[in-house]
Amino acid sequence: MALQVWETLKEVITAYTGLSPATFFTVLALLWAVYYVATGLFRSSDDHHHQRSRAFEEEQMEPLPPPVQLGEITEEELKQYDGSDPKKPLLMAIKSQIYDVSQSRMFYGPGGPYALFAGKDASRALAKMSFEEKDLTGDISGLGPFELDALQDWEYKFMSKYVKVGTIKKTVPVTEGDANGEASGAAESEAKPAEDSPSQSPVVETEEKAYPADTKDE
């Protein structure tokens, strides 16, 4: 049975290719060898390309420096850390507490979806989930309970994920009433010595009166 199949196969090969069975299988083996070598070359080339790409990415991704504690700074100073300078850390504040969000630069850095929050105290905007310029402030007065709960969730998230590096210095504005009070206080302090000076005159007069009496006794 096997012999009949082999004889039939040889006749088919000779009829359709014009080659002897030995030549046909030799050509087939050569084609397979060429295919194997070619695929091996392309595979090694792709692996080499991927390795070079990974090495290039690792070189480009510099390790983040450790967070630097800034202490107490003003809101104006905080604006310097909005990501515009890649050499400076990326900072953001919630409820006057400043956090280093450099590790999430893809979100809070330039071009990110939350880039407008960087370098600011965005408490009100986060509570209201607002991207309006007027809400980019730390003033949370007038917010409802649901908005305050949302802000609390954001604060817990930042406390657990990012390092706190400072606080925002609160500036107390000087009102007109305070200025008038200081001026009046200064005027009163200047007026006191003037009021005290006449009290010395009776003593002088008493001493002057005493001298004639002593003269008469002599």
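The values are calculated or read from the model by the stated rules, or taken from the named source; none is laboratory data. All of these numbers come straight from a predicted model, not from anything done at the bench. Virtual Cβ from ideal backbone geometry, glycine too; neighbours counted across all protein chains shown. SASA here: full protein model, heavy atoms, side chains in, ligands and nucleic acids out. Shrake-Rupley method; radii C 1.70, N 1.55, O 1.52, S 1.80 Å.
Couple of notes before you dig in:
- Filter pass, residue 153 being closer than 30 Å to residue 78 by Cβ, at pLDDT 95 or above and in a helix (DSSP H, G or I): yes
- Residue 186 meets each of the listed conditions (1) open to solvent by less than 90 Å² (accessible area, probe 1.4 Å); (2) modelled with pLDDT of 90 or more; (3) of a type outside the set (Val, Ile, Thr) apart from (2).
- Residue in region 14-23 that is polar (S, T, N, Q), modelled with pLDDT under 75, exposed (fewer than 10 other Cβ atoms within 10 Å of the Cβ) and outside the structural domain of residue 95 (by the TED database) present: no
- Flag for residue 112 being at positive phi and either part of a loop (DSSP other than H, G, I, E, B) or under 15 Å from the mean Cα position of the chain (by Cα) (or both): no
- Yes/no for residue 106 being in a helix (DSSP H, G or I), under 16 Å from the mean Cα position of the chain (by Cα) and exposed (fewer than 13 other Cβ atoms within 10 Å of the Cβ): yes
- Residue within region 137-145 that is under 26 Å from residue 87 (Cα atoms), open to solvent by 30 Å² or more (accessible area, probe 1.4 Å) and out of contact with any His (no Cβ under 6 Å at 6 or more places or on another chain) present: yes
- Residue 127 small (Gly, Ala, Ser), surrounded by fewer than 11 Cβ atoms within 10 Å (Cβ to Cβ) and either in a helix (DSSP H, G or I) or modelled with pLDDT of 95 or more (or both): no
- Complete set of residues in region 115-156 that are under 16 Å from the mean Cα position of the chain (by Cα) and among the acidic types (Asp, Glu): 121, 155
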